[in-house]
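Trainee: Quick one: structure below, then a few questions.
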């Protein structure tokens with residue numbers, strides 16, 4: 001089983017790591033993190049086997065629409081989920097927009113993009129639980 005790997009583009013805060021990265025890893029997906037538009041573009045170029053992008057709508061360096069367009073130039077068809085605060089402008093270039101900071105909404109969106117992988121991860125988790133008993 002190959003677990004999906006996501007590029008998370010998040011705002012950087014001193015002394016912290018991306019909470020979105022932690023949420024996604026809790027769901028047993030792999031994550032590579034970038035903290036600026038420029039870093040995200042370089043990362044996707046270096047690691048093209050990424051299954052999708054999760055990005056903050058207000059990332060430093062480029063507008064949401066510009067960054068989305070450039071990411072899709074590097075890897076056409078890559079699904080991009082944009083997370084925005086309720087009431088923020090829509091990023092129409094994104095495949096999905098989650099207007100909530102609720103981690104459950106992000107996980108629901110990721111599961112919709114990768115139903116086969118989610119089923120395989122859940123089956124593996126079940127097998128591990130049975131062996132544990």
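The values are calculated or read from the model by the stated rules, or taken from the named source; none is laboratory data. Remember, predicted model here, so these are calculated numbers, not experimental data. Methodologically, a virtual Cβ is constructed for each residue, glycine included, from the backbone with ideal geometry; neighbour enumeration extends over all protein chains shown.
Trainee: Residue 63: at pLDDT 85 or above, more than 16 Å from the chain's Cα centre (by Cα) and farther than 15 Å from residue 5 by Cα, yes or no?
Mentor: Numbers: at pLDDT 85 or above: yes; more than 16 Å from the chain's Cα centre (by Cα): yes; farther than 15 Å from residue 5 by Cα: yes.
Yes, satisfied.
Trainee: Continuing with this model, one more query. Look at the stretch 47-61 and say how many of its residues are surrounded by fewer than 17 Cβ atoms within 10 Å (Cβ to Cβ) and over 19 Å from residue 103 (Cα atoms).
Mentor: 5
Trainee: Moving on. Of the residues 44, 67, only one is crowded, with 20+ Cβ neighbours inside 10 Å, over 18 Å from residue 90 (Cα atoms) and touching a helix residue (DSSP H, G or I) at 6+ places or on another chain (Cβ under 7 Å); which?
Mentor: One residue alone meets the criteria, 44.
Trainee: From the list 25, 122, 116, exactly one residue is under 11 Å from the mean Cα position of the chain (by Cα), part of a helix (DSSP H, G or I), closer than 17 Å to residue 2 by Cα and free of Cβ contacts under 8 Å to residues at least 24 places away in the same chain. Which is it? Before the answer, list the steps.
Mentor: Working: 122 fails: under 11 Å from the mean Cα position of the chain (by Cα); 116 fails: under 11 Å from the mean Cα position of the chain (by Cα).
Unique residue meeting the criteria: 25.
Trainee: Hey, among 81, 74, which residue is without any contact (Cβ under 8 Å) to a residue 60 or more places away in the chain, touching a helix residue (DSSP H, G or I) at 6+ places or on another chain (Cβ under 9 Å) and under 16 Å from residue 105 (Cβ atoms)? Full working, then the answer.
Mentor: Values: 74 fails: under 16 Å from residue 105 (Cβ atoms).
None of the others qualify; the one that does is 81.
Trainee: Looking at the stretch 84-101, can you tell me whether even one residue there is surrounded by 14 or more Cβ atoms within 10 Å (Cβ to Cβ), within 15 Å of the chain's Cα centre (by Cα) and assigned to a helix (DSSP H, G or I)?
Mentor: No, there is no match, as no residue in the stretch 84-101 is surrounded by 14 or more Cβ atoms within 10 Å (Cβ to Cβ), within 15 Å of the chain's Cα centre (by Cα) and assigned to a helix (DSSP H, G or I).
Trainee: Next up: Take the conditions under 15 Å from residue 8 (Cα atoms), modelled with pLDDT of 90 or more and either in contact with a strand residue (DSSP E or B) (Cβ under 7 Å, 6 or more places away or on another chain) or not in a helix (DSSP H, G or I) (or both) and apply them to residue 50. Does it pass? Reasoning before the result, please.
Mentor: On the way: under 15 Å from residue 8 (Cα atoms): yes; modelled with pLDDT of 90 or more: yes; either in contact with a strand residue (DSSP E or B) (Cβ under 7 Å, 6 or more places away or on another chain) or not in a helix (DSSP H, G or I) (or both): yes.
The answer is yes for residue 50.
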